[in-house]
Amino acid sequence: MENNIFDTALLFEGGGMRVAHTAGITNAMLENELFFDYVCGISAGSSNAVNYISRDRDRTKRRFVDLVDIDGVVGMRHWFNGEGYFAAEYLYGAASLAGGPLPFDFVRFQENPADLRIGALDCDSGEMVYWKRSDIKTLEDLLQIVRCSSTIPLMMPKAEFSGRSYVDGGIKRSVPLDIAMRDGYEKFFIVLTREKGYRKKPMKIQGLLDRKLKNEPILVDILRHRWEKYNEQMEEIERLEAEGRALVVRPGHMNIRSGTTNRAKLEEAYLAGYQLAMREMEKWKAFLFGKKSNNCFL
């Protein structure tokens, strides 16, 4: 596989099942041969990132739409059994292996030379960790890293990799902009899952989180300040957008939540993302290729 965009970082925000909208955008990008050589994802955005790199349009959609039709993956009964609202052991294990309902094409993933960053939060240090290709030796490594990045506190049991525990990186960095900047990028294509101008507020359930996580003060503190960090990051992204350094893709209207399991609503969000991308495609190509927008594959 070859790539054709080398000076721009592709960044995927998480958002649980809201990434169904991102999946529609992603498949339109793949259809139009927008092949980035540097891709970052956090939380559910990490699943989308690896599907994008493997260029698997079928799995890109199935992972955030058809997922809800797969028995044993989503639901409160799994949470009550200690498996998490998203049954992570199965979802990032047997379901994604050959013969499962969401098989991941690791061979195609390896054939794509694109650089990759997947972010998660180290539970002990409270610091972000970004894994890269050199950390991924096997399909099982990749699936576990994506699981670490996507593990929502309390809703899913902690995930481990190389002897350390991790949870969802999105509670500290909703968008992996920091690592792309550290890696030297100055131009960004950012795919968000919230409308323009959206800002978070302090969580109403903070008291509950304080009690449930009383033995994990680092995690409690990060969750308490999550809304502030998110809002600061959105303001930074809007500054980059105003400066012409970032093209930011946002839903016009987001009608689903992170835990939505209604198939019709997920299909609607997917289609809205795809249609948005097709409407904006020439604008995107102009940002990415300039005068070469009609010759996407260089």
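Looking at the range 86-158, what helices (runs of 4 or more DSSP H) fall wholly within it and have at least 1 residues that are farther than 21 Å from Ala9 by Cβ, at pLDDT 95 or above and out of contact with any Cys (no Cβ under 6 Å at 6 or more places or on another chain)?
Here the list reads 106-111, 139-150.
Please tell me if Glu186 is of a type outside the set (Lys, Arg), open to solvent by 50 Å² or more (accessible area, probe 1.4 Å), out of contact with any helix residue (DSSP H, G or I) (no Cβ under 7 Å at 6 or more places or on another chain) and not in a strand (DSSP E or B).
yes
Show the residue pairs meeting these rules: Cβ distance below 7 Å; 6+ apart or different chains; first residue within the range 262-285 and farther than 16 Å from Met17 by Cα and among the β-branched types (Val, Ile, Thr); second residue open to solvent by less than 80 Å² (accessible area, probe 1.4 Å) and at pLDDT 95 or above.
Note: no pairs meet the criteria.
Starting from the range 122-145, take each residue that is closer than 18 Å to Gly41 by Cβ and list its partners that are of a type in the set (Val, Ile, Thr) and open to solvent by 30 Å² or more (accessible area, probe 1.4 Å), counting only C-beta distances under 9 angstrom and pairs at least six apart or across chains.
Partner pairs satisfying both residue conditions: Asp122/Val129.
Within the range 45-52, does at least one residue satisfy the condition of being more than 21 Å from Gly259 (Cα to Cα), free of Cβ contacts under 8 Å to residues at least 40 places away in the same chain and touching a helix residue (DSSP H, G or I) at 6+ places or on another chain (Cβ under 6 Å)?
Checked the range 45-52: no residue is more than 21 Å from Gly259 (Cα to Cα), free of Cβ contacts under 8 Å to residues at least 40 places away in the same chain and touching a helix residue (DSSP H, G or I) at 6+ places or on another chain (Cβ under 6 Å).
Between a residue in the range 18-30 that is open to solvent by 10 Å² or more (accessible area, probe 1.4 Å) and any residue that is of a type in the set (D, E, K, R), which pairs come within a Cβ distance under 8 Å, given they are 6 or more apart or on different chains?
Here the result reads Arg18/Arg194; Arg18/Arg257; Leu30/Arg55; Leu30/Arg57, each pair linking the range 18-30 to a residue that is of a type in the set (D, E, K, R).
The values are calculated or read from the model by the stated rules, or taken from the named source; none is laboratory data. Keep in mind the model is a prediction, meaning the values are calculated, not measured. A quick note on method: Cβ atoms are made from the backbone with ideal geometry, for glycine too, and the neighbour counts reach across all protein chains shown. The accessibility values were calculated without ligands, DNA or RNA, using every heavy atom of the protein model including side chains. Shrake-Rupley method; radii C 1.70, N 1.55, O 1.52, S 1.80 Å.
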